[in-house]
1. Is it true that some residue in region 67-89 is closer than 18 Å to G158 by Cα, free of Cβ contacts under 8 Å to residues at least 60 places away in the same chain and touching a Leu at 6+ places or on another chain (Cβ under 9 Å)?
2. Within region 128-153, track down each residue that is closer than 18 Å to S55 by Cα and part of a helix (DSSP H, G or I).
3. Can you tell me which of G113, G27, G15 is modelled with pLDDT under 95, closer than 27 Å to P170 by Cβ and in a helix (DSSP H, G or I)?
4. Quick check on V168: is it modelled with pLDDT of 95 or more, more than 16 Å from E49 (Cβ to Cβ) and not small (G, A, S)?
5. How about region 130-141: which of its residues are of a type in the set (A, V, I, L, M) and surrounded by fewer than 20 Cβ atoms within 10 Å (Cβ to Cβ)?
6. Do you know which residues across region 160-182 are in contact (Cβ under 8 Å) with a residue 60 or more places away in the chain and either surrounded by fewer than 19 Cβ atoms within 10 Å (Cβ to Cβ) or hydrophobic (A, V, I, L, M, F, W, C) (or both)?
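The values are calculated or read from the model by the stated rules, or taken from the named source; none is laboratory data. Bear in mind the structure is a predicted one, so any value in this text is a computation, not a measurement. All Cβ positions, glycine included, derive from the backbone under ideal geometry; neighbour counts span all protein chains shown.
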Amino acid sequence: MHAITAANLHNAYGGESMAHMRYKTWGDVAKQEGLPNVARLFRAIAAAEVIHANSHFKAMKEQAGDWLCTSMAVFGIGASSQNLQGAINGETYEITEMYPTFLETAKLQGEKGAQLSFHYALASEKTHAALFQKAKAALDSTKHDAPLGAVHICDVCGWTVEGDIPDVCPVCGAKRDKFTSFA
């Protein structure tokens, strides 16, 4: 594997792993604040971040050894509105800067596994940002828990949807039985 794509996979793995832990922590905060829907949203998207991390890890299966990873991360624990803004900031960075750059580099270097992994993550992060924005807007305007239907995560690519599960994932083509639901 080309060195730059390998480094991008390592860094993306680190970022997704930290996002998973951060969202679990922020979900606990939301639960303590009496916001079960916001807590559930954080838990669901934390699960999607694990899918992305595992995908990146598998894409670099031949890259055994110790690696230094540099990953952008949002730190701090605040009230749920602040934590949702942190999640929005992190997802926006991945959508606008990190994954587009990583994906184009993998394409340039002909790294098919990395391309697929980055494509899945990029498409999924867009849904994550939108769901976090919706939850923050509702919380900020009403000062109550965000109205949120069932959230479903594609177990193959991490794509996330609120409401009904589609027959086929629009990102990876997985059938509806490959979704995990957070209701």
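1. Within region 67-89, the first condition is being closer than 18 Å to G158 by Cα, and the residues that meet it are 87-88.
Now narrow it down to the ones that are free of Cβ contacts under 8 Å to residues at least 60 places away in the same chain: 88.
Next, only the ones that are touching a Leu at 6+ places or on another chain (Cβ under 9 Å) stay: none.
Within region 67-89 (the criterion being closer than 18 Å to G158 by Cα, free of Cβ contacts under 8 Å to residues at least 60 places away in the same chain and touching a Leu at 6+ places or on another chain (Cβ under 9 Å)), the answer is no, since none of the residues qualifies.
2. Scanning region 128-153 gives a single hit, H128.
3. Values: G113 fails: modelled with pLDDT under 95; G27 fails: modelled with pLDDT under 95.
None of the other options fit; the residue is G15.
4. Details: modelled with pLDDT of 95 or more: yes; more than 16 Å from E49 (Cβ to Cβ): yes; not small (G, A, S): yes.
Here the answer is yes, as V168 does meet what is asked.
5. A130, A137, A138, listed by residue number.
6. At the first step, the residues of region 160-182 found to be in contact (Cβ under 8 Å) with a residue 60 or more places away in the chain are 160, 180, 182.
Once the filter is applied, which keeps residues that are in contact (Cβ under 8 Å) with a residue 60 or more places away in the chain and either surrounded by fewer than 19 Cβ atoms within 10 Å (Cβ to Cβ) or hydrophobic (A, V, I, L, M, F, W, C) (or both), region 160-182 yields T180, F182.
Residue-wise test of (1) farther than 16 Å from A121 by Cβ; (2) buried (at least 24 other Cβ atoms within 10 Å of the Cβ).
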| position | (1), (2) |
| --- | --- |
| A3 | yes, no |
| E16 | no, yes |
| W26 | yes, yes |
| F42 | yes, yes |
